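Encoded as structure tokens, the structure appears first; notes follow it.
The values are calculated or read from the model by the stated rules, or taken from the named source; none is laboratory data. Everything numeric in this text was worked out from a predicted model, so none of it was measured. Counting neighbours? That spans all protein chains shown, and the Cβs are built from the backbone with ideal geometry, glycine included.
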Amino acid sequence: MPLAQRELILGVTGSIAAYKAVYLLRELTRLGAGVTVVTTAHAEHFVGALTWRTLSGRPVLSDLFDPQSADAVEHVSLAERADAVVVAPATAHLLARAAHGLADDFLSTLLLAARCPVLMAPAMDGGMWAHPAVTANVRTLRERGVTVLEPESGALASGLSGAGRLPEAETIIEALERLLAPRRDLAGDRVLVTAGPTREPLDPVRFLSNRSSGKMGYSVAAAALRRGAQVVLISGPTSLQPPPGAVYVPVQTAEEMREAALQHLGTASIVIKAAAVADYRARTQSPNKIKSKKGEGLTLELDATPDILREITARKGDAFVVGFAAETDQVQAHAAAKLRAKGVDLLVANDVSRRGIGFEVDENQVLFLDRWGGASELPKMSKLEVADAILDRVVRLRAEQRGVAAPSDHRAGRQ
């Protein structure tokens, strides 16, 4: 039992969804965890301290300087003893305070002191989840290593409908178990990941490129590291920090990416080519800046860049190769054609013409096609979840081809 004998902190904030945290607390204690509940001042308007104390068997903490509580000023030692902190529900206000490092009550101060895994389950009303400020705060927290779950969609307390419902207790517990007992199903594997765009220079100041941010490839690299793999990350120019532990190889052009990929291919057991390589490069590069002339056009002669994916599949040996297809129409048909043409084992396709998924955002919705005829579509989810779903599928397909039983798929990877 991953939660048995674990010391957990359950943070509860001021949301009508706080009543669901009562059931979450009951389930956590039933699974053998010791739970200390920390509430914000607004949370007390929805569920009283007596309920939390009765179910947890422990004092409820809320006031950072409560003279009646021996634990009130022990937020640091409490955080050090905890195996994980779960905030459910996490309001938009709490997400903002945590993202900006504010420490104005017991819960927010404890979050700064915590060095254990932190899991946040958001709940909010109306269109708040999609607001740019909330999106930015969630992105900041995830980049720092905080696990922020996606809220569920449905009827909200205001009478509106949309994304903002607190995830069910079972979903929160499953995510918590993954944090505390991470799988090591890729131990012994060496995973080669390509990520980001390439830049093909026209002159010293201009280049051809695309909108890839690198987030998908970096998420895959981070997930593979968590699951025990050695990771080589070959990346075009991005603003992202490579995950600690990965061998990082920065490149600029398609040719540089090709050379780096082929150099590391021989030791790779899994290749995940998430990079968006520019398809064309200038036939000739000007050594000086091309001067603009008012009212006049510019004609460029372009040549195709090397087909890195096809070259990898031709030389892969026993490695399992995953390719990506960014499409704007007839996604499944174009993806199936690419699967056949490139000779990959698994193809991950998505519709980049749709707002909110694909390039430069934190979420994606993908279609899996494999060379054995399998096809399945995942719902919209964070790129971190997509990364684990991809690795789940790789593990399962490899096991099926070897004729052995595969571990159970991560929820996001199930058909």
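In this structure, does ASP303 turn out to be out of contact with any Pro (no Cβ under 9 Å at 6 or more places or on another chain), exposed (fewer than 13 other Cβ atoms within 10 Å of the Cβ) and either over 30 Å from ALA133 (Cα atoms) or at pLDDT 95 or above (or both)? Considered against the rule, which asks whether it is out of contact with any Pro (no Cβ under 9 Å at 6 or more places or on another chain), exposed (fewer than 13 other Cβ atoms within 10 Å of the Cβ) and either over 30 Å from ALA133 (Cα atoms) or at pLDDT 95 or above (or both), ASP303 comes out as yes. When the range 10-34 is limited to residues that are among the β-branched types (Val, Ile, Thr) and surrounded by fewer than 24 Cβ atoms within 10 Å (Cβ to Cβ), the one that is farthest from LEU166 (Cα to Cα) turns out to be THR29. Exactly one residue out of ARG190, ARG178 is in contact (Cβ under 8 Å) with a residue 60 or more places away in the chain and out of contact with any strand residue (DSSP E or B) (no Cβ under 8 Å at 6 or more places or on another chain): that is ARG178. Highlighted here are the strands (runs of 3 or more DSSP E) found entirely within the range 99-205 that include at least 3 residues which are outside the structural domain of GLN230 (by TED's automatic domain parsing) and surrounded by fewer than 22 Cβ atoms within 10 Å (Cβ to Cβ): 152-155, 161-165.
Working carefully through the options VAL231, VAL205, find the one that is free of Cβ contacts under 8 Å to residues at least 60 places away in the same chain and among the hydrophobic types (A, V, I, L, M, F, W, C).
Details: VAL205 fails: free of Cβ contacts under 8 Å to residues at least 60 places away in the same chain.
So the residue among VAL231, VAL205 that is free of Cβ contacts under 8 Å to residues at least 60 places away in the same chain and among the hydrophobic types (A, V, I, L, M, F, W, C) is VAL231.
Kindly indicate whether any position in the range 209-230 is within 18 Å of the chain's Cα centre (by Cα), hydrophobic (A, V, I, L, M, F, W, C), at pLDDT 90 or above and in a loop (DSSP other than H, G, I, E, B). Yes: one or more hits. If a residue must be over 21 Å from ARG402 (Cα atoms) and buried (at least 20 other Cβ atoms within 10 Å of the Cβ), how many such residues does the range 307-322 contain? Counting residues in the range 307-322 that are over 21 Å from ARG402 (Cα atoms) and buried (at least 20 other Cβ atoms within 10 Å of the Cβ) gives 3.
Those residues that are under 28 Å from LEU309 (Cα atoms), touching a Leu at 6+ places or on another chain (Cβ under 9 Å) and aliphatic (A, V, I, L, M), I need them from the range 156-210; list them, please. Those that are under 28 Å from LEU309 (Cα atoms), touching a Leu at 6+ places or on another chain (Cβ under 9 Å) and aliphatic (A, V, I, L, M): LEU186, VAL191, LEU192, VAL193, ALA195, LEU202, LEU208. Being hydrophobic (A, V, I, L, M, F, W, C), out of contact with any Pro (no Cβ under 6 Å at 6 or more places or on another chain), free of Cβ contacts under 8 Å to residues at least 60 places away in the same chain and assigned by TED's automatic domain parsing to the domain that holds ARG211 is a property that ALA282 lacks.
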